[in-house]
Structure formats: C-alpha cells, structure tokens
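Comments concern the structure below.
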Amino acid sequence: MYISKYSASGNDFVIFHTFVKKDRSDLAKKLCNRFESIGADGLIVLLPHSEYDFEWQFYNADGSVAMMCGNGSRAAAHYAFENGISSSSMKFLTGAGVIGAVVEENMVQSDLTPPIIHEKDIDAFSKNWWLIDTGVPHLVTILDDISEFDLSQARELRDKYNANVNIAMIEDGKIYVRTYERGVEDETQACGTGMAAAFYRAVEENLSPNSIEVIPTSGETLYLGMSMQTITFKGSVRKTFETTVN
C-alpha cells in the first residue's frame, strides 16, 4: 500500500486513494498508532464518486468514523490535486455533506457545511458553553484566558455531550482556540471544525468580524470567514513524506 502523510495546522493524516470501499477501522488504528506504526490523528481514504471529484472515508486514530474534519478536508484536497484526482477547484463528499475546496500551491481553502447551533447557555464548570455542529459537534466557551485547559473537565463534557470541547479567547483581533478531540481523546494541536465553531459563536455574539485570523495550539495561522451560512477555512498544508506499508 502506497500512502502519504500530511500535516495541516498541526493535525496529521495518513492518506491514500483506492477503488475499493470497505470498513477500514482496524487499518486506521494500526496506521495511526504513534508508537508502533506511522502515527497520525486520522486516516483519510479517497474513493471515486459518480457526481463529485471523489468521496472520502475519514477515521479517527481510534478507528471511529468522523463525519467531517476541517484540517483533514484541506489535506485531502491537496492530496487529490497532487495525485490528479481533481483540478485545483473541487467538490467532494463527506459524511457531513459536500465540501468545496480550492488549492493554491500549499494554501488550501475549504468551504465547510453550514453550522447548526444545537444549544446555547450550557452551564458547566462555571463556564458558559454553546453546542455547535460544524460537521461534527463542538462545545465552545469563550474565556479571557486559555493558558490552562482542564482535560479532566473536557473529558467529562465530551462523554456527556458526545462532542469535542473547545476553549477560545479573543485577543489582539485574533481568536485563539484549544481543542479536546473525540477519537484522539486528548488535546490536539489543531481542529478545523473546532476553530470554525469558536469563530461562529464569536460572530453570533458580535465579538468577531466576518473574517479573522484563528490560532490553534500549534501556533499556525488560519483564516476563517463567514459568507451567508458558509464558513470558509484557509491555511497551509504540508506533505511530510510518502512511503509503502505492508
């Protein structure tokens, strides 16, 4: 099997394409293992589609299926363009719906599915949370300081709401976001749909303009915008290596 490894804003993914659609949960757990294999936050498999440029299967590191991944969508788009699966402008099918993406060298912009607010004003651990679906569900709270992230509290909220957990801060005209992710079951370096959820709450509360720079734990700069009900998500993508695995 010939695979590529990609990094997008601190998230890393193993990616390959095939004509065969099947359950690859066990393969995801094997390839994403950081101690005994390649290691990654997720596995992305590109498959042919009759209407769109391709469709994907996305697996978290624990083998669970995720409907959407913002950083993964940008990595997949770059891979598809580099491998001649699509042109630089494409549409592809995810579990959350159809995603549009544009590749400009190492910068990739994807258009996420319309966000849905499931619940506001959730009080937990002396914080106010919103439950927002940006392809996958996210709890978001906006704080004055995110230097401390209580992962035990995040795990409790993740289990209760079956959602990723994000703490965000607005400072110097930028949004800073830290995310605890399902499937990884820990804080990750970045989460695209989590950044989108934090951005959307900030826009809804008039705390952010309709376009802003967003900084995840990795420290890389992402560019998020809002047009009608579509969130645009742009940032750099790197192919770190290619290899063959048995």
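Bear in mind these aren't lab numbers, they're just calculated from the coordinates by the rules spelled out. The structure displayed is predicted, hence computed values, not measured ones. In this analysis, Cβ positions are derived from the backbone assuming ideal geometry, glycine residues included, and neighbour counts consider all displayed protein chains.
By the beta-carbon count within 10 Å of each Cβ, the least crowded to most crowded order of Leu207, Leu31, fewest first, is Leu207, Leu31. Here is the list for segment 1-45: chymotrypsin sites (Phe, Trp or Tyr not before Pro) lying in DSSP coil, each with at most 14 other C-beta atoms within 10 angstrom of its C-beta, are Phe19, Phe35.
Ranking Asp144, Asp23, Asp53 by Cβ neighbours within 10 Å, fewest first, what do you get?
Least crowded to most crowded, the residues run Asp144, Asp23, Asp53.
The GNM of the chain, with springs linking C-alpha atoms under 10 angstrom apart, assigns the highest mean-square fluctuation among Pro48, Pro216, Pro137 to Pro48. Taking the inverse of the mean 1/r over every pair of distinct Cα atoms in the chain gives a Kirkwood hydrodynamic radius of 17.9 Å. Between Glu105 and Lys21, the contour length at 0.36 nm per residue exceeds the alpha carbon distance by 27.3 nm. Of interest is the spacing of the C-alpha centroids, which for segment 115-188 and segment 208-246 amounts to 18 Å. As a calculated quantity, the FRET efficiency between Asp186 and Ser211 at R0 = 41 Å, using C-beta atoms, amounts to about 0.85. Residues Val14, Val98, Val136, ranked from the fewest to the most other C-beta atoms within 10 Å, line up as Val98, Val136, Val14.
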